[in-house]
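A quick write-up on the structure given underneath.
Readers should treat all values here as calculations from the given coordinates under stated rules, not as data from a laboratory. Keep in mind that this is a model prediction, so the values were computed, not measured. Positions of Cβ are generated from backbone atoms using ideal geometry, with glycine treated the same way; all protein chains shown enter the neighbour counts.
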């Protein structure tokens, strides 16, 4: 018999929750019986997602949050704990993409990508960790990218910001380990989300991603398909759950073997 996830009745926070991987994480946590505060810069979309989850046993609340604003983050986390109780789980999913070459990247783009992908993870994780540490329990997962571990042509800002978020989360895990708090990373590869398909030129499709691109030094996907948001969400929920009770500072690649590493 499979060990219970231990998520039923727990309180979880998810950023970047309005669509794609974030929305899948919210649904997966709710399916496990967790109560979920679903935050996104698009607050209305987060509210619609929350309203679509109608299980009588869970509470899901959507709201707007700019993860780059540390004061707004602090206020949002304070409100969740005041209204619902102690936060047990955090999934950092908010992220933005840039596909410009380094020589074509302006200061504003570089700063914005790092503000969301790295500083946003810092802001939210810090706010939650400050509350988890005295209670000596909790789990944090950051959704990074396999681009954090391998060079990607035309994606320097994105890859570097995700590498920063990855190492930050591992360092946080080391600091919090003696408090019994686990911090892990899920690193997706190409996933069927609007962020992914928005990069595709006209006439380009899933088969082209699977095949790889020698011109940009990108290998294909050995498993022969793109991930779904649910594939990634399952990994996130596993690492947040009691089934991963002795796993911390891990970097789990969910990319169909695309980076030829684990």
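Size of segment 132-262: Rg and Dmax of its alpha carbons, in Å, are 16.0, 54. The distance from the alpha carbon centre of segment 217-262 to that of segment 52-84 is 26 Å, rounded to a whole number.
Per residue, the convex hull spanned by the Cα atoms of segment 58-214 amounts to 142 cubic angstrom. Can you give me the angle between helix 229-240 and the longest principal axis of the chain, using Cα atoms only, in degrees from 0 to 90, rounded to the nearest 10? It is inclined by approximately 40 degrees.
Across segment 128-191, Cα pairs under 8 Å and at least six residues apart give a relative contact order of 47 percent. Mean separation of Cα pairs under 8 Å and 6 or more residues apart, divided by the residue count, gives the chain a relative contact order of 19 percent. When the P(r) is computed for segment 1-145, the part past 28 Å accounts for 18% of the Cα-Cα pairs. Taking 0.36 nm per residue of separation and subtracting the Cα-Cα distance, full extension of the segment from residue 234 to residue 101 would add 44.6 nm.
With neighbours defined as other Cβ atoms within 10 Å of a residue's Cβ, the residues 153, 158 order from fewest to most as 153, 158.
Kirkwood radius, segment 178-220, all distinct C-alpha pairs, inverse of mean reciprocal distance: 12.9 Å. You can think of it this way: the chain between residue 133 and residue 245 has 38.7 nm of extra reach, that is 0.36 nm per residue less the Cα-Cα gap.
Across segment 187-261, the fraction of Cα-Cα pairs farther apart than 19 Å, rounded to a whole number, is 41%. Which angle between 0 and 90 degrees, to the nearest 10, do you get for helix 156-176 versus the longest principal axis of the chain when only C-alpha atoms count? The angle comes out near 30 degrees.
Compared with the dominant principal axis of the Cα atoms in the chain, helix 20-31 is inclined by about 30°.
In segment 1-85, inverting the average of 1/r over every pair of distinct C-alpha atoms gives 12.9 Å as the Kirkwood radius. Spin-label model, residue 111/residue 195: points 7 Å from Cα along the beta carbon direction are separated by 2.2 nm. Please find the FRET efficiency linking residue 48 to residue 206, where r is the Cβ-Cβ separation and R0 is fixed at 22 Å, and quote it to the nearest 0.05. With a Förster radius of 22 Å, E is 0.25. May I ask for the distance between the Cα centers of segment 124-153 and segment 90-109, given as a whole number of Å? First find each Cα centre; the distance between them is then 18 Å.
Distance between the pseudo-spin-label points of residue 72 and residue 217 (7 Å out from Cα toward the beta carbon): 3.7 nm. Rounded to whole Å, the principal axis extents of the Cα atoms in the chain read 52, 46, 38, largest first.
From its DSSP helices (H runs of at least four residues, each -39,500 (n - 2.57)), the chain gives a residue-normalised ellipticity at 222 nm of -12000 deg cm²/dmol. Here the mean projected area of the convex hull built on the C-alpha positions of segment 113-164 is 3.7 nm².
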